[in-house]
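Visitor: Before I ask anything, let me first share the structure, which is written out below as structure tokens.
The values are calculated or read from the model by the stated rules, or taken from the named source; none is laboratory data. The model shown is predicted, which means the values in this text are computed figures rather than measured ones. A quick note on method: Cβ atoms are made from the backbone with ideal geometry, for glycine too, and the neighbour counts reach across all protein chains shown.
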Amino acid sequence: MKFDILQKLKEILTKIKSKLRSYFVSFAAIVIFFAIFSFGVNFFSYFDPLTFCYIGIENDFLGGNQKTVKKAIVQLKRADIQSYKTLCTYVDTIVEEHCRASDPRVSGKEIGTYEPGCYIRGSKIINLIPTKEDDQFVINQRSITIRKYANFSKNFWENRQDHTPGINLRF
Amino acid sequence: MAEGLRKYIKNSFATGLKKPQIEASLLQSGWTKEQIDDAFERIEFSQKEFIEKHRRRILPSKKVFTIFFLIIIFFSLIYKSFFYVDIKNDCFVKILPSLAMELSNFNIKRSIKILKYGSPSDYQDFCRLVDTIDANVDCGGWEGGCYRGGKTIAVSTAQGTVSWTVAIIVHETCHAKGFGETECYAAGDRILGTIVEI
């Protein structure tokens with residue numbers, strides 16, 4: 001009788017052990033997949049798996065620098081978490097591109113071309129002036145610009161009549 | 001003989017007996033272990049065969065699933081790349097594939113959506129007056145566009161900025177309203193001033 005109980009306990013323990021092993025293998029596979037996925041996504045954009053913050057970065061390969069955009073976002077996260085949350089909610093793409101707020105053929109002047117950045121109304125897009133430089137000054141400047149225009153985007157989406165902050169503008 | 005044995009096993013299962021009980025009674029009746037195992041194996045095999053046969057009849061094969069899945073993906077890609085649909089605003093626009101620069105027409109679709117939220121009145125005009133966008137490089141040249149007559153405009157800004165693409169769309173929609181170049185350049189300039197916030 002005692003032997004039977006011990007035998008059954010042993011069987012149960014073996015079953016639990018094998019199940020735990022399979023769970024561990026599945027968990028490890030998920031972690032590895034997620035790590036590879038994060039690495040891949042971060043190659044072309046900014047992705048923070050802890051806060052599920054994804055921001056696409058369309059950089060200017062010739063005249064821009066994607067690294068300083070990412071560093072500026074990280075700096076914003078460390079310095080001002082509230083602005084970082086605003087950025088993650090109201091900005092889905094940062095484009096390294098000159099702003100064009102006028103048609104020079106009409107007004108005779110270029111408006112916005114040499115501004116540090118701008119917000120495209122009706123979107124969740126921020127433009128940053130392209131620069132190859134990667135010193136701390138540029139990172140600080142970009143961080144300030146990103147924070148400013150993330151708030152522009154927030155104001156736009158919050159002040160619309162049919163307020164839909166989770167609207168998907170990606171295609 | 002073997003047929004009788006299988007029949008007995010099947011009947012025993014039907015009455016609710018378990019495999020070890022049937023096995024024990026057959027051994028007592030003088031059947032050998034090999035004969036019993038063989039009979040059980042044959043029954044299991046014929047059951048599996050039966051299930052497989054009926055499964056195939058009831059469920060479609062993997063091939064059918066794959067074809068169905070591929071058709072769904074194909075039509076989704078077609079829709080995503082070549083059509084802009086906004087049922088709420090009664091807006092249906094075909095975007096012809098740009099063979100030169102960008103097959104997906106991502107830039108144009110994104111720009112239409114920006115126009116929708118950034119300047120609703122211009123968007124209404126666009127939906128009313130345009131039903132086809134040709135994304136190929138045409139009379140407007142690179143980074144430009146032109147009005148083709150009817151409800152068709154050409155917008156070749158695949159690699160351009162979204163704000164500029166919005167301006168071109170508004171400019172060509174302005175032509176569709178019947179205005180000339182001066183008014184339409186002004187419309188493009190106005191929309192740039194509206195949607196680009198500095």
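Visitor: Identify all residues within segment B:174-196 that are surrounded by fewer than 24 Cβ atoms within 10 Å (Cβ to Cβ) and more than 11 Å from chain A (Cβ to nearest Cβ); write none if there are none.
Guide: B:His175, B:Ala176, B:Lys177, B:Gly178, B:Phe179, B:Gly180
Visitor: Which condition number does B:Asn136 fail, the rest of (1) under 25 Å from A:Val95 (Cα atoms); (2) buried (at least 21 other Cβ atoms within 10 Å of the Cβ) being met?
Guide: (2)
Visitor: Next question. Out of (1) assigned to a helix (DSSP H, G or I); (2) out of contact with any Phe, Trp or Tyr (no Cβ under 8 Å at 6 or more places or on another chain); (3) not small (Gly, Ala, Ser), what's the single condition that is false for B:Trp31?
Guide: Result: B:Trp31 passes all but (1).
Visitor: Quick test of your reading of the structure: B:Tyr79 fulfils all but one of (1) in contact with a strand residue (DSSP E or B) (Cβ under 9 Å, 6 or more places away or on another chain); (2) assigned to a helix (DSSP H, G or I); (3) surrounded by 15 or more Cβ atoms within 10 Å (Cβ to Cβ). Name the failing condition by number.
Guide: Going through the list (1) in contact with a strand residue (DSSP E or B) (Cβ under 9 Å, 6 or more places away or on another chain); (2) assigned to a helix (DSSP H, G or I); (3) surrounded by 15 or more Cβ atoms within 10 Å (Cβ to Cβ), B:Tyr79 breaks only (3).
Visitor: A further question on this structure: Does segment A:97-128 hold any residues that are more than 7 Å from chain B (Cβ to nearest Cβ) and surrounded by fewer than 23 Cβ atoms within 10 Å (Cβ to Cβ), and which are they?
Guide: Passing the criteria: A:His98, A:Pro104, A:Gly108, A:Lys109, A:Glu110, A:Ile111, A:Thr113, A:Tyr114, A:Pro116.
Visitor: Shifting gears a bit: Go through (1) among the aliphatic types (A, V, I, L, M); (2) more than 21 Å from A:Ile120 (Cα to Cα); (3) at the interface with chain A (Cβ under 10 Å from one of its Cβ atoms) and name the single condition B:Val130 misses.
Guide: (3)
Visitor: Modelled with pLDDT under 90 and at positive phi - does that describe any residue in segment A:115-133?
Guide: No, because not a single residue in segment A:115-133 is modelled with pLDDT under 90 and at positive phi.
Visitor: Any idea which of B:Ile108, B:Ile78, B:Ile112, B:Ile95 is under 22 Å from the mean Cα position of the chain (by Cα) and more than 13 Å from chain A (Cβ to nearest Cβ)?
Guide: Exactly one of B:Ile108, B:Ile78, B:Ile112, B:Ile95 is under 22 Å from the mean Cα position of the chain (by Cα) and more than 13 Å from chain A (Cβ to nearest Cβ), namely B:Ile78.
Visitor: Any idea which residue in segment A:20-63 is modelled with the lowest pLDDT, counting only those that are among the small types (Gly, Ala, Ser) and over 30 Å from B:Thr161 (Cβ atoms)? Before you say what the answer is, go through the steps one by one.
Guide: Start the filter on segment A:20-63 by keeping residues that are among the small types (Gly, Ala, Ser), which leaves A:22, A:26, A:28-29, A:35, A:38, A:40, A:45, A:56, A:63.
Narrowing further to those that are over 30 Å from B:Thr161 (Cβ atoms): A:22, A:26, A:28-29, A:35.
On the way: A:Ser22: 84, A:Ser26: 87, A:Ala28: 89, A:Ala29: 88, A:Ala35: 81.
Selected residue: A:Ala35.
Visitor: Could you tell me which numbered condition B:Ile22 fails, if it satisfies all but one of (1) out of contact with any Ser or Thr (no Cβ under 6 Å at 6 or more places or on another chain); (2) assigned to a helix (DSSP H, G or I)?
Guide: B:Ile22 satisfies all of (1) out of contact with any Ser or Thr (no Cβ under 6 Å at 6 or more places or on another chain); (2) assigned to a helix (DSSP H, G or I) except (1).
Visitor: Does B:Phe68 qualify as being assigned to a helix (DSSP H, G or I) and surrounded by 10 or more Cβ atoms within 10 Å (Cβ to Cβ)? Spell out the reasoning first.
Guide: Values: assigned to a helix (DSSP H, G or I): yes; surrounded by 10 or more Cβ atoms within 10 Å (Cβ to Cβ): yes.
Judged against the criteria, B:Phe68 is a match.
Visitor: Say we look at segment B:142-163 and pick out the residues that are away from chain A (no Cβ under 14 Å) and at positive phi; which of these is farthest from the chain's Cα centre (by Cα)?
Guide: Out of the qualifying residues, it is B:Gly149.
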